[in-house]
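Peer 1: After the structure tokens below, expect a handful of questions from me.
The values are calculated or read from the model by the stated rules, or taken from the named source; none is laboratory data. Bear in mind that the values here come from a model prediction, so they are computed numbers and not experimental data. Reconstructed Cβ throughout: ideal geometry from the backbone, glycine too, with neighbour counts over all protein chains shown. To get the accessible areas, we keep the full protein, side chains included, count just its heavy atoms, and leave off ligands, DNA and RNA. Shrake-Rupley method; radii C 1.70, N 1.55, O 1.52, S 1.80 Å.
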Amino acid sequence: MSQVLTAVPPASPTRARIAIALFFFVSGFGFATWASRIPLIQHQLGLNEAQLGGVLLALPAGLMLTLPVTGQLLQHFSSRHVMMAGAILYNGALALLGFATHTWQLVALLFCFGSSRNLLNLSMNAQSVGVQALYKRSIIASFHGVWSVAGFAAAGVGTLLIRGSVPISYHFLGVAVLLTALSLAFFPNALALPPSPPATKSRFSWPDKHLLKYGLITFASMACEGTLYDWTGVYLVQAVHAPKELATLGFTAYLVAMTTGRFLGDWAVSRFGTKPMLQASGILMTTGLLLAAAFPTPLLAGVGFVLGGLGVSCVVPLVFGLVGKASPERAGAAIASVSTVSYFGFLIVPPLVGFVAKASNLRWSFALVALLGGVVVWLVPKLREEA
């Protein structure tokens, strides 16, 4: 099987780009499909907010605990094979989630869902770096734009199926079958990249000094992104005292800004360069969060969230691109290593926002998170030697 797959002739840049964009679509659509049904799953299992929060931790736990495994797999197999395996397992876990009737089943399946999502996401990011190398202009941010568009599409489909009273099991199973079919159809055009050579250490580890700066930049960006994703609506209701419909509108504005930034990011990189774009992103993050914290009105807080969405939109794909250039011989393992740090930003900082808010208020929480944008601005010039 492996020999047959590696014998596939190299795809054209355009066909490879479309194929990898499809896998980003699969990742985004599958995740948003699950998210669209969380309230109904909570109701069916009789979970309160605290219990639901504990259950949802199973997904990031699966993601984090399989980071070393993914790094090892990318050192022994081509990223295209890991990506395809990840897509199949990811869609399989999604299908089974719709049949969970007990809390322990949901926890176990969410762990598998997070683990397979990690396999899919890291390998497709390694593929996106390979596709970027085929182009003279920047195209890597558009892949993450596709992920965002897929999320919007899945949310819309989920809303329609909920209104039509379609059972969760049918919804998840149907989506899983469709996404698996698409993955199999587009897989032949993925790049036949060689495995990443093993690192000097015998097992996967934290980024070394050479890569740690990249990890810290993505940590800061993912922390800001997670904060805006989890707390935008709550902030508008509790700190701004806006009506609930405006809170939803503010969150939508943030998502639209982030998606727009991802599609405009490649054009901006081609015009201004990667490092100026990263510094501008850090400035936008800081400005947006500080604006919302300093002026808690619906209009200015909304503008702040739009600026924050634009700021976080392109940092991760651009940094992954730089990592691929800095460690071209082991891009997949290097991206997995950097992702170890970045995921902690997404997982740890948003809950800390709640603790700080309880001790003081949400405005102070947002002001403190805004400082992370300054970390990005400070670290980017220090990448000069590596990239």
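Peer 1: Under a crude label model (7 Å from the Cα following the beta-carbon direction), how far is Ala155 from Leu184 in nanometres?
Peer 2: 3.2
Peer 1: With θ set to phi - 60° and the Karplus curve 6.51 cos²θ - 1.76 cosθ + 1.60, what are the ³J(HN,Hα) couplings of region 281-292 in order, to the nearest whole Hz, using x for Gly and Pro?
Peer 2: 5, x, 5, 5, 4, 4, 4, x, 5, 5, 4, 5
Peer 1: Also, I was wondering about something else. With the contact rule set at Cα under 8 Å and sequence spacing of 6 or more, what percent relative contact order holds for the chain?
Peer 2: With pairs under 8 Å counted, the relative contact order is 24 percent.
Peer 1: Right, another one. Set the Förster distance to 45 Å, then compute FRET efficiency between Thr103 and His76 from the Cβ-Cβ distance, nearest 0.05. If you can, show how the numbers build up before the last one.
Peer 2: Working: r = 36 Å, r/R0 = 0.80.
Between Thr103 and His76 the formula returns 0.80.
Peer 1: How would region 229-387 be classified by its alpha-carbon gyration tensor: rounded, prolate or oblate, with rounded meaning a/c under 1.5 and the a/b versus b/c comparison settling the rest?
Peer 2: prolate
Peer 1: Can I ask one more? Would you calculate, for the chain, the mean residue ellipticity at 222 nm contributed by helices, counting each DSSP H stretch of 4 or more residues as -39,500 (n - 2.57) and dividing by all residues, to the nearest 500?
Peer 2: About -27000 deg cm²/dmol.
Peer 1: Moving to a separate point now. Where Lys and Arg each count +1 and Asp and Glu each count -1, what net charge lies around Gly86 among other residues with Cβ under 11 Å from its Cβ?
Peer 2: After counting each charged neighbour, the total is +2.
Peer 1: While we're on this one: Please compute the contact order of region 287-328 in relative form: average sequence separation of alpha-carbon pairs under 8 Å and at least six residues apart, divided by the residue count, as a percent. Walk me through the numbers before you get to the answer.
Peer 2: On the way: 25 pairs, mean separation 13.9, N = 42.
Once divided by the residue count of region 287-328, the mean separation gives 33 percent.
Peer 1: Measuring from centroid to centroid over Cα atoms, what is the spacing of region 336-387 and region 154-177 in Å?
Peer 2: Between the Cα centre of region 336-387 and that of region 154-177, the gap is 35 Å.
Peer 1: Say each of Leu45 and Ile348 gets a label point 7 Å from the Cα, pointing the same way as Cα to Cβ; how far apart are those two points in nm?
Peer 2: The two pseudo-label positions are separated by 2.6 nm.
Peer 1: Give the long-range amide H neighbours of Tyr135: residues separated by 5 or more places, or on another chain, with amide H under 5 Å away, using H modelled in the peptide plane at 1.01 Å from N.
Peer 2: Long-range HN contacts for Tyr135: none found.
Peer 1: Now, a different point. Can you run phi through the Karplus equation (6.51, -1.76, 1.60; θ = phi - 60°) for region 376-383 and list ³J(HN,Hα) in whole Hz, with x for Gly and Pro?
Peer 2: Coupling constants for region 376-383: 4, 4, 6, 7, 4, x, 6, 7 Hz.
Peer 1: Considering the options Tyr90, Leu193, Phe111, tell which one lies farthest towards the positive end of the dipole of the chain, charges being +1 on Lys and Arg and -1 on Asp and Glu at the Cβ, about the Cα centre.
Peer 2: Toward the positive end, the furthest listed residue is Leu193.
Peer 1: Same structure, new question: What size of dipole, in debye to the nearest 20, comes out for region 260-363 about its Cα centre when the only charges are +1 on Lys and Arg C-beta atoms and -1 on Asp and Glu C-beta atoms? The partial results should precede the final answer.
Peer 2: On the way: 7 positive and 2 negative charges, 16 e Å.
The dipole of region 260-363 has a size of about 80 debye.
Peer 1: Roughly how much of Trp267 is accessible, in Å² to the nearest 10, using a 1.4 Å probe?
Peer 2: Its accessible surface works out to 150 Å², give or take rounding.
Peer 1: Go through region 137-150 residue by residue and turn each phi into a ³J(HN,Hα) via Karplus (6.51, -1.76, 1.60, θ = phi - 60°); whole Hz please, and just put x for glycine and proline.
Peer 2: Each residue's phi maps through the Karplus curve to give 9, 6, 9, 6, 5, 5, 4, 6, x, 4, 4, 5, 4, 4 Hz.
Peer 1: Based on the Kirkwood radius over alpha-carbon pairs, what is the Stokes-Einstein translational diffusion coefficient of region 63-164 at 4 °C with 1.567 mPa s viscosity, in µm²/s?
Peer 2: 85
Peer 1: Another question, then. Of the chain, which part is the longest with no trypsin sites (Lys or Arg not before Pro) in a loop (DSSP not H, G, I, E, B) and with at most 16 other C-beta atoms within 10 angstrom?
Peer 2: Longest gap between qualifying sites, sites excluded: 204-383.
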